[in-house]
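Engineer: The structure follows.
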Amino acid sequence: MPLRPIQIHDTASGGLQPLRPEQSGRVRIYACGPTVYNRIHVGNARPFIVYALLKRFLVSQGYAVTLVSNLTDVNDKIYAAANAAGVASTDLAVAMGDHYRADTDRLGLGRPDLEPLATTSMPAIIALIEDLIGEGAAYEAEGDVYFRVRADARYGSLSRRDVDEMDQGEGDDPVGLKLKQDPLDFALWKATKSGEDVAWDSPWGRGRPGWHIECSAMAEEALGVGFEIHGGGNDLVFPHHENEAAQTRCARGRELATIWMHSGMIELRGAKMSKSVGNITPLHEALDELGRDALVLLFASAHYRQPLNWADDSIEQARAGVRRLREIGRRLTPGLVAPPAPSAEEKRAVPPSGDPGLDGFCAAFSEALREDFNTAAALGRLWQWVRGANSILDQGGELRDDQLRTMLDVLGLANLLDPHPSDGPDAAALDLLAQRQEAREVKDWARADELRDALAAAGWTVRDGAAGAELVRTEGTR
């Protein structure tokens, strides 16, 4: 069975581009990770979740996927934070890297296949700088090395900016400005300066790499050149990704990636969430407050390219969605607990529900994801499926959970269909339900209403259907 076509928005072209793997059926993704100078916030977590879910979707479609996400563990921000805390920069980076892995592990979406560190990638970084010098695209100046921006005829093509109107953000370094041949040039290697407590030997003296060259080298070392998707937040388009693309073009004569995919920011009351602004919610605190299920559902509720509103109403909607999915899970008949390993064709097949309407919603779920990984639209189809399933169940029908589980698994939320310790009614609630049924049988409606109210006070809603009465946990009472 041929792989179905998938389109993803490419920042460089400004439109949807078909996913065309260089090697049939294999997709390579490099997603820029955080600089580890502090605990990450929910804004940092969005790219982690987007690309973890993208991998899950592609695997569900039969692709073999390699996801690489780096950690920047040497950087001006790390030096500054370490100096302020009175600790070694290496110790700070290790501690924050450990926190990052622990915090993102709690999302339950698995880890990237590779998570390279800048500090352990120095040979590849130095070799790439040497190649750029050899190509005439970089030059050494008093222990620093700078990339010659005008050496790349396509510079600015990713961010679609005029080269003369660009600012690399290095204007606060007066020494660097004096050493640059052109103010547009940017640092590939920086000689050791006061306040920097870690450095590496290089052909240009002791120092450490610039930020942009780190990712070009780590991506190439892990995935080669010309891989399928390079991702990150849209705040990285310029200068970081523009510079990555330029470095690889000049050193290798080809594009680093085929598709440049960028996720939107998280906004708090309309302002981008960032450490510099101070309007941040640390990921570990958000997980403590919301739980991983509501957090992942909240992130999936917005198209990855659009801003995600971090507000009380959207958070409560995510919580309600989790409760709604747990409720439908209690009503569905479980499928196979441990099915045999599916073939590639079976992975791409959606199990039939027996109802054409539900099958259509499930097919539309996958179609929405194939069209620029639109999780918001896919969730819309999933909720249509839930409404249709509830209607069938209310009429005394029976449905298996296979189809809903297949959709939720793509979103990392299939666990919501598993039994929950607090899902089932206790013996006291079941006794009240039995008494209510007895009262209804003898047409003692006042007594039946009294027992219904007692169940409501205990946190249970009575749902009467063709198959009899059942107890459903009232929203917000668990």
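Every number here is computed from the coordinates shown, using simple stated rules; none is lab data. No experiment lies behind these values; they were computed from the predicted model shown. FYI the Cβ positions are ideal-geometry reconstructions off the backbone, even for glycines, and counts take in every protein chain you see.
Engineer: Show the residues, 5+ positions off or on another chain, whose built amide H is closer than 5 Å to the amide H of residue 31.
Structural biologist: Excluding prolines and chain starts, which carry no amide H, the hits are 68, 69, 70, 231.
Engineer: Same structure again: Where nothing but the Cβ of Lys and Arg (+1) and of Asp and Glu (-1) is charged, how large is the charge dipole of the chain around its Cα centre, in debye to the nearest 20?
Structural biologist: It works out to roughly 800 debye.
Engineer: With both bridge residues required to lie in the chain, what share of the DSSP beta bridges run antiparallel, to the nearest 5%?
Structural biologist: So the antiparallel bridges amount to about 55 percent of the total.
Engineer: To continue, here is another question. What order do you get for 242, 398 when you list them from fewest to most C-beta neighbours inside 10 Å?
Structural biologist: Going from least to most buried by this count: 398, 242.
Engineer: Based on the mean of other Cβ atoms within 10 Å per residue, sort peptides 435-442, 381-388 so the most packed one is first.
Structural biologist: Highest mean packing first, the order is 381-388, 435-442.
Engineer: How big is the antiparallel share of DSSP beta bridges in the stretch 7-263, given as a percent to the nearest 5?
Structural biologist: Close to 45 percent.
Engineer: A further question on this structure: Work out the charge dipole of the chain with +1 on the Cβ of Lys and Arg and -1 on the Cβ of Asp and Glu about the Cα centre, then indicate which of 259, 385, 186 is farthest towards its positive end.
Structural biologist: Projecting each Cα onto the dipole axis, the largest value belongs to 385.
Engineer: Ranking request for peptides 405-414, 14-23: highest mean number of other beta-carbon atoms within 10 Å first, then the rest in descending order.
Structural biologist: Highest-to-lowest ranking by the protection proxy: 405-414, 14-23.
Engineer: Can you list residues from other chains, or at least 5 along the same chain, whose modelled amide H is less than 5 Å from the amide H of residue 227?
Structural biologist: 258
Engineer: Spelling out what I want: for every residue of the stretch 323-329, take phi, set θ = phi - 60°, compute 6.51 cos²θ - 1.76 cosθ + 1.60 (Karplus), and round to whole Hz; glycine and proline get x.
Structural biologist: Calculated HN-Hα couplings, in order: 4, 5, 6, 5, 5, 5, x Hz.
Engineer: Calculated from DSSP H runs of 4 or more alone, at -39500 (n - 2.57) each and per residue, what is the 222 nm mean residue ellipticity of the chain, nearest 500?
Structural biologist: Helix-only estimate at 222 nm: -13500 deg cm²/dmol.
Engineer: Find, to one decimal place in angstroms, the Kirkwood hydrodynamic radius of the stretch 287-417, where the mean of 1/r is taken over every pair of different Cα atoms and then inverted.
Structural biologist: 15.4 Å
Engineer: What is the total of Lys pairs in the chain with C-alpha atoms under 15 Å apart, excluding same-chain pairs fewer than 8 positions apart?
Structural biologist: 6
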